[in-house]
Amino acid sequence: MADGALPVLDVKNLKTVFRTRAGDIHAVNSVSFDLKPGELLGVVGESGSGKSVTMMSLLRLLPMPPAEILQGQVMLGGRDLLTTGEDDLRAVRGREVGFIFQDPMTSLNPVFTVGFQIMEPLRRHMGMTRAQARRRAAELLQLVGIPDAERRLKDYPHQFSGGMRQRVMIAIALACDPQVLIADEPTTALDVTIQAQILELVKELRQKLGMAIIWITHDLGVIAGIADRVMVMYGGQVVEHGPVREIFRNPAHPYTRALLQTVPKVHGDRDDKLRVIEGQPPIMVTVPTACPFRDRCAHAFDRCARENPARREIAPGHDVACHWDHHEAAT
Amino acid sequence: MTAPRRNLVEVSDLKLHFPVYGGLLRRQVGNVKAVDGVSFDIIEGETLGLVGESGCGKSTCGRAVLRLYELSGGAVRIDGEDIATLSQEQLRRKRPTMQMVFQDPQASLNPRMTVAAIIGEPLDEHTDWSRARKLERIYELMDAVGLNRDFANRYPHAFSGGQRQRIGIARALALNPKFIVCDEPIAALDVSIQAQVVNLLEELQERFGLTYLFISHDLGMVRHIADRVAVMYLGRIVELAPVSALYDTPLHPYTQALLSAVPEPDPWTETRKERIVLKGDVPSPSNPPQGCNFCTRCPRVMDICRRIDPPYREHAPGHFAACHLLDETRTDQPKDGARPEQDQPHIHQGEDA
């Protein structure tokens, strides 16, 4: 999207730990990224890779303790969200930054009507009257493709199907016209045909509303269809980042490369044997002094155990955190 | 698979209806037709994939095939014996030949039992072996599924998701079964772990000559592991075909939509692909639509679909489907609004670049 434009969101060196009785878990280790206006940034990683914790840290949505943000800077609209007061931050949540959570079943309150839940941010943040908020809520439901919107405002979440509930979640997230929308695995709990509906909806809404989106997922297929840029996370770090086509055409990190090969395709040639990434994802009990992927990496060498690789740029806008030079593989 | 091809499992007109009670007297007011007249065979040594969206009845079907539910109708012949009519004791003696691997390894392993006790439980139940012999077998199974023998006395919580699924697989293998129902065995696992478990299942199949019913909503993985695939929608099988035929030339509009809905990890085809987006949700199985089950969401619905249930027929060798569109082209001309075959290969647009 808009290259060179000033980012709406700029995150630098974010570090989050969980202080548990069994010891510290370093869930996010020096994560930096930015988000340009109108762009869709895809964040890929397995469970435990730190992708959700990173995004929750931005708005300090994690329970503290046990979570603690050790350092970092989250610049949104000229101020650092990590140092703003709780009251100011509350004005940011839902107003400037919208959040869509994974499971629409558990993130809607079952005892309030859907209308009430959409109107809540409108009345709180936008100072609308009940009647104004109701009108806007009906518009929003219509926008996300729920038929008979006016009447459905009075319904409770259990009266909606999974896909419809996720549409309601999207309507709530969009209510105050946020600059940034963070979607945490919004389609993972849904069936493929419903996922396809939601993806179409998001593409359409992007064109209409033009907000910047961070889309967290473990599904590379979803990323391929909607993202402009991709950030691959592993062991609480960004291991690779770049424009979507670049990542899919020239993946440089052994983890990204392996990930792309472990997914069996629905179309095209059928693979005989699935490529496997041996071993387990790491649990980050110490500040990493070595590459977190080295135990599972086919290309690991002595340096990987000594030194955690820093991100280095290998093509315009494409960087990777790896000591191994993937061009060697070709020769 | 050079052995003579015989059907190990024959399912005919399987029905499983759950009663719905309502009203003041809690009388039965209706049925949820979770599985409503399903027929298929599984050839010895093959993997039959069973796919569909949540709520389509695929898991219920898998459980019914092992008679974990009492059937509402139909027959399930496993190794020549109809298990629907067996007495409890006969059924118990039949159990060793047919086993199951469950979806959620967290929920299907007793947290208070050690791994050895979990894997050995079927042996306690069905054999009179000595302790030493059982332990021997447990170690053998742990080796087969790639678990370290030293961990035999640990509890499930000490294992990761992928390892837990290996425990579940070892338990299913304990009695040397012929037939295993795998109910979404990889759905709860991370992408990089899924491939490990699927490769293990394939390896075990080759080694022990197992026959699988592999239930999944992951169409990519089913394409990889299955020999033939059945697609379920609202309690019925709408299409069943060898894997290449189903994925390359799907006949039923639902299969076509399902395949086109799967996002491909490839930005080039993804941005150009014409996707068939189905409108709406799956209807409730307690109140299925009249006529064809799929008529409320079908992009190519015709008049006849709302009245008459399409017959389930063989349209090419081994390729079964139930759709009026397929019959139309054979018999009479399609009526108003109905489009015949011309736009069949919908899904492959923009694929070849």
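The values are calculated or read from the model by the stated rules, or taken from the named source; none is laboratory data. Here the structure is a predicted model, which is why all the values come from computation and not from measurement. Virtual Cβ from ideal backbone geometry, glycine too; neighbours counted across all protein chains shown. Areas reflect the complete protein model, heavy atoms only, side chains present, ligands, DNA and RNA absent. Shrake-Rupley method; radii C 1.70, N 1.55, O 1.52, S 1.80 Å.
Restricting segment A:260-280 to residues that are under 21 Å from B:SER160 (Cβ atoms) and part of a loop (DSSP other than H, G, I, E, B) leaves a set whose member that is nearest to the chain's Cα centre (by Cα) is A:VAL263. Pairs are defined by a Cβ separation below 8 Å, a sequence spacing of at least 6 or placement on different chains, a first member in segment A:44-65 that is touching a residue at least 40 places away in the same chain (Cβ under 8 Å), and a second member that is assigned to a loop (DSSP other than H, G, I, E, B) and charged (D, E, K, R); the pairs so defined are A:GLU46/B:ASP190; A:SER47/B:ASP190; A:SER52/A:GLU185. Annotation: B:ALA117 fulfils all but one of (1) surrounded by fewer than 18 Cβ atoms within 10 Å (Cβ to Cβ); (2) touching a residue at least 40 places away in the same chain (Cβ under 8 Å); (3) of a type in the set (A, V, I, L, M, F, W, C); the unmet one is (2). Is it the case that A:LEU209 is more than 14 Å from chain B (Cβ to nearest Cβ), among the hydrophobic types (A, V, I, L, M, F, W, C) and surrounded by fewer than 21 Cβ atoms within 10 Å (Cβ to Cβ)? Criteria met by A:LEU209. B:ARG313 passes every criterion in (1) open to solvent by 30 Å² or more (accessible area, probe 1.4 Å); (2) assigned to a helix (DSSP H, G or I) apart from (2). Where helices (runs of 4 or more DSSP H) fall wholly inside segment A:124-187, the ranges with 2 or more residues that are within 18 Å of A:LEU205 (Cβ to Cβ) and modelled with pLDDT of 85 or more are A:130-143, A:162-174. Using the structure shown, decide if B:GLY45 is assigned to a helix (DSSP H, G or I) and modelled with pLDDT of 90 or more. Considered against the rule, which asks whether it is assigned to a helix (DSSP H, G or I) and modelled with pLDDT of 90 or more, B:GLY45 comes out as no. The number of residues in segment B:49-68 being at pLDDT 90 or above, open to solvent by 60 Å² or more (accessible area, probe 1.4 Å) and more than 11 Å from the chain's Cα centre (by Cα) comes to 1.
For A:VAL287, are the conditions met, namely being in contact with a His (Cβ under 7 Å, 6 or more places away or on another chain), over 24 Å from A:PRO243 (Cβ atoms) and either surrounded by fewer than 17 Cβ atoms within 10 Å (Cβ to Cβ) or of a type in the set (A, V, I, L, M) (or both)? Judged against the criteria, A:VAL287 is a match. Give A:GLU313, A:GLU240 a once-over and let me know the one that is closer than 27 Å to A:ALA27 by Cβ, modelled with pLDDT of 85 or more and open to solvent by 70 Å² or more (accessible area, probe 1.4 Å). Unique residue meeting the criteria: A:GLU313.
For segment A:73-122, the set of residues classified as in contact with a Cys (Cβ under 6 Å, 6 or more places away or on another chain) and among the charged types (D, E, K, R) consists of A:ARG95 only.
Within segment B:198-205, is even one residue more than 14 Å from chain A (Cβ to nearest Cβ) and out of contact with any Ser or Thr (no Cβ under 6 Å at 6 or more places or on another chain)? Yes, segment B:198-205 contains at least one residue that is more than 14 Å from chain A (Cβ to nearest Cβ) and out of contact with any Ser or Thr (no Cβ under 6 Å at 6 or more places or on another chain). If you go through segment B:233-283 and keep only what is touching a Lys or Arg at 6+ places or on another chain (Cβ under 8 Å), crowded, with 24+ Cβ neighbours inside 10 Å and part of a strand (DSSP E or B), you end up with B:LEU240, B:ALA241.
Only one of the numbered conditions (1) over 16 Å from the mean Cα position of the chain (by Cα); (2) under 15 Å from A:ASP10 (Cα atoms) is not met by A:GLY115, and that is (2).
Conditions tested, residue by residue: (1) over 25 Å from A:GLY210 (Cα atoms); (2) over 20 Å from the mean Cα position of the chain (by Cα); (3) open to solvent by 70 Å² or more (accessible area, probe 1.4 Å).
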position: A:SER49; (1), (2), (3): yes, no, no
position: A:SER52; (1), (2), (3): no, no, no
position: A:LEU58; (1), (2), (3): no, no, no
position: A:ALA67; (1), (2), (3): yes, no, no
position: A:LEU82; (1), (2), (3): yes, no, no
position: A:GLY98; (1), (2), (3): no, no, no
position: A:ASP103; (1), (2), (3): no, no, no
position: A:THR106; (1), (2), (3): yes, no, yes
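The requirement of being open to solvent by less than 30 Å² (accessible area, probe 1.4 Å), among the small types (Gly, Ala, Ser), at pLDDT below 90 and touching a helix residue (DSSP H, G or I) at 6+ places or on another chain (Cβ under 9 Å) is fulfilled somewhere in segment B:30-38, by at least one residue.
Here segment A:147-188 is the region considered, the condition is being within 15 Å of the chain's Cα centre (by Cα) and within 14 Å of another protein chain (Cβ to nearest Cβ), and the residue that is surrounded by the fewest Cβ atoms within 10 Å (Cβ to Cβ) is A:THR188. Residues of segment B:72-99 that are part of a loop (DSSP other than H, G, I, E, B) and either acidic (Asp, Glu) or touching a strand residue (DSSP E or B) at 6+ places or on another chain (Cβ under 6 Å) (or both): B:SER72, B:ASP79, B:ILE83, B:ALA84. Within segment B:266-279, residues that are more than 7 Å from every other protein chain (Cβ to nearest Cβ) have Cβ atoms under 8 Å from residues that are among the hydroxyl-bearing types (Ser, Thr, Tyr) and crowded, with 20+ Cβ neighbours inside 10 Å in these pairs: B:LYS273/B:SER260; B:GLU274/B:SER260; B:ILE276/B:SER260, counting only partners at least 6 apart in sequence or on another chain. Of B:SER54, B:SER59, B:SER39, B:SER12, all but one fail to be among the polar types (S, T, N, Q) and assigned to a loop (DSSP other than H, G, I, E, B); the exception is B:SER54. Could you check, for segment B:129-141, whether at least one of its residues is away from chain A (no Cβ under 14 Å), in contact with a helix residue (DSSP H, G or I) (Cβ under 7 Å, 6 or more places away or on another chain), open to solvent by less than 20 Å² (accessible area, probe 1.4 Å) and modelled with pLDDT of 90 or more? Yes.
When restricted to residues that are within 13 Å of another protein chain (Cβ to nearest Cβ) and part of a loop (DSSP other than H, G, I, E, B), segment A:238-256 contains 2.
Being outside any helix (DSSP H, G or I), crowded, with 20+ Cβ neighbours inside 10 Å and small (Gly, Ala, Ser) is not true of B:ALA170.
Among the residues of segment B:98-107, is any open to solvent by 60 Å² or more (accessible area, probe 1.4 Å) and more than 25 Å from B:LEU258 (Cβ to Cβ)? Yes, some residue in segment B:98-107 is open to solvent by 60 Å² or more (accessible area, probe 1.4 Å) and more than 25 Å from B:LEU258 (Cβ to Cβ).
For segment B:206-243, the tally of residues that are under 14 Å from B:TYR312 (Cβ atoms) and away from chain A (no Cβ under 14 Å) stands at 7. Looking across segment B:153-167, the residues that are more than 14 Å from every other protein chain (Cβ to nearest Cβ), assigned to a loop (DSSP other than H, G, I, E, B) and not charged (D, E, K, R) come down to B:ASN153, B:TYR155.
Taking strands (runs of 3 or more DSSP E) as the structural unit, those lying wholly within segment A:1-119 and holding at least 3 residues that are more than 14 Å from chain B (Cβ to nearest Cβ) and at pLDDT below 90 correspond to A:9-20, A:23-35, A:67-76, A:97-100.
In the set (1) under 17 Å from A:CYS176 (Cβ atoms); (2) open to solvent by 40 Å² or more (accessible area, probe 1.4 Å), A:PRO121 fails one condition alone, (2).
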